[in-house]
């Protein structure tokens, strides 16, 4: 049995679907009730309270673990006690490129690596679904605002992350590996706005924010250290953060999806 934490999220939903379609026995874990495919068991639990995971982990073979909560050691100990022998951890590219700005995911990675379990770590860059923040202004007046409008980064479709995670959970040969996951090409915020407009058949105006304007929005829903780290990556990316990684194609045998494809598949969100 494979336990998927964060099953209601962008990556978790795609992963649960991929595992169910492959015929795997899956337990989907989320804090709130969520829809799951037929045959998938759902358990409500919270990574902030590791003991709530006990029911989900009993009898499990493998665990997909988000970076959430403050005690990864307690979660991993419960997993091992429940029978888990393989853990696939969803971290962040920033944990590798800027550990001083991403201490929380870095601490999770270290706990996973030292757990004694077979492990694989996934370090994705930015998600295409970050563009959902534009849904309301695009619907209302066909505008999209972001800082650093012409800085290109190889963001990734969460569906590709889910498919990579499914492959790693099901196949041998991934133990002890850290995969950096990106899309097929760097794309700027201005280009993402244009791609959404193309998918809608109507132009979307891009409005470039200052760093301060963007930070004021971000700290409303994330810690300041995370907001500052994210803005630094968006505005002053390192060479490693700009680079397209081959790891999605290496695991799946096909190229990751591009942003224009994502925009077409999700155009209804912006109408």
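Tallying residues that are in contact with a strand residue (DSSP E or B) (Cβ under 8 Å, 6 or more places away or on another chain) and within 21 Å of residue 154 (Cβ to Cβ) within region 110-130 yields 9. Just give me the residues in region 229-241 being loosely packed, with under 15 Cβ neighbours inside 10 Å and either in contact (Cβ under 8 Å) with a residue 40 or more places away in the chain or not in a helix (DSSP H, G or I) (or both), in sequence order. Answer for region 229-241, where residues must be loosely packed, with under 15 Cβ neighbours inside 10 Å and either in contact (Cβ under 8 Å) with a residue 40 or more places away in the chain or not in a helix (DSSP H, G or I) (or both): 235, 236, 238, 240.
For residue 51, state whether it is in a helix (DSSP H, G or I), at negative phi and surrounded by fewer than 24 Cβ atoms within 10 Å (Cβ to Cβ). It is true that residue 51 is in a helix (DSSP H, G or I), at negative phi and surrounded by fewer than 24 Cβ atoms within 10 Å (Cβ to Cβ). Across region 2-30, the number of residues qualifying as at negative phi and in a loop (DSSP other than H, G, I, E, B) comes to 7.
With the structure loaded, tell me whether residue 68 is under 30 Å from residue 240 (Cβ atoms), modelled with pLDDT under 95, part of a loop (DSSP other than H, G, I, E, B) and within 16 Å of the chain's Cα centre (by Cα) or whether it fails that test. Taking the combined requirement at face value, the residue satisfies it. Which count do you get for residues in region 244-270 that are over 18 Å from the mean Cα position of the chain (by Cα) and either outside any helix (DSSP H, G or I) or on the phi > 0 side of the Ramachandran plot (or both)? The total comes to 2. Among the residues examined, residue 43 qualifies as over 19 Å from the mean Cα position of the chain (by Cα), buried (at least 16 other Cβ atoms within 10 Å of the Cβ) and closer than 22 Å to residue 81 by Cβ. Could you grab me the full set of residues in region 3-35 that are closer than 27 Å to residue 71 by Cα, surrounded by fewer than 24 Cβ atoms within 10 Å (Cβ to Cβ) and touching a strand residue (DSSP E or B) at 6+ places or on another chain (Cβ under 6 Å)? The answer is 8, and nothing else. Within region 191-205, the set of residues being surrounded by fewer than 18 Cβ atoms within 10 Å (Cβ to Cβ) and either outside any helix (DSSP H, G or I) or touching a strand residue (DSSP E or B) at 6+ places or on another chain (Cβ under 8 Å) (or both) comprises 201, 202, 203, 205. Scanning region 99-109 for residues that are out of contact with any helix residue (DSSP H, G or I) (no Cβ under 6 Å at 6 or more places or on another chain), touching a residue at least 24 places away in the same chain (Cβ under 8 Å) and either under 23 Å from residue 246 (Cβ atoms) or assigned to a loop (DSSP other than H, G, I, E, B) (or both) yields nothing. For the subset of region 115-140 comprising residues that are buried (at least 17 other Cβ atoms within 10 Å of the Cβ) and assigned to a helix (DSSP H, G or I), which member is farthest from the chain's Cα centre (by Cα)? The extreme case among them is 138. Which of the residues belonging to region 168-189 are surrounded by 18 or more Cβ atoms within 10 Å (Cβ to Cβ) and either without any contact (Cβ under 8 Å) to a residue 40 or more places away in the chain or in a helix (DSSP H, G or I) (or both)? Of everything in region 168-189, those that are surrounded by 18 or more Cβ atoms within 10 Å (Cβ to Cβ) and either without any contact (Cβ under 8 Å) to a residue 40 or more places away in the chain or in a helix (DSSP H, G or I) (or both) turn out to be 168, 169, 189. Residue 49 falls short on exactly one of the conditions (1) touching a helix residue (DSSP H, G or I) at 6+ places or on another chain (Cβ under 9 Å); (2) over 25 Å from residue 127 (Cα atoms); (3) at pLDDT 95 or above, and that condition is (1). Do we find that residue 112 is at pLDDT 95 or above, over 17 Å from residue 225 (Cα atoms) and in a loop (DSSP other than H, G, I, E, B) in this structure? Answer is no for this residue.
The values are calculated or read from the model by the stated rules, or taken from the named source; none is laboratory data. Since we're looking at a predicted model, the values are computed, not measured. Glycine gets a Cβ as well: all are built from the backbone with ideal geometry, and neighbour counts include every protein chain shown.
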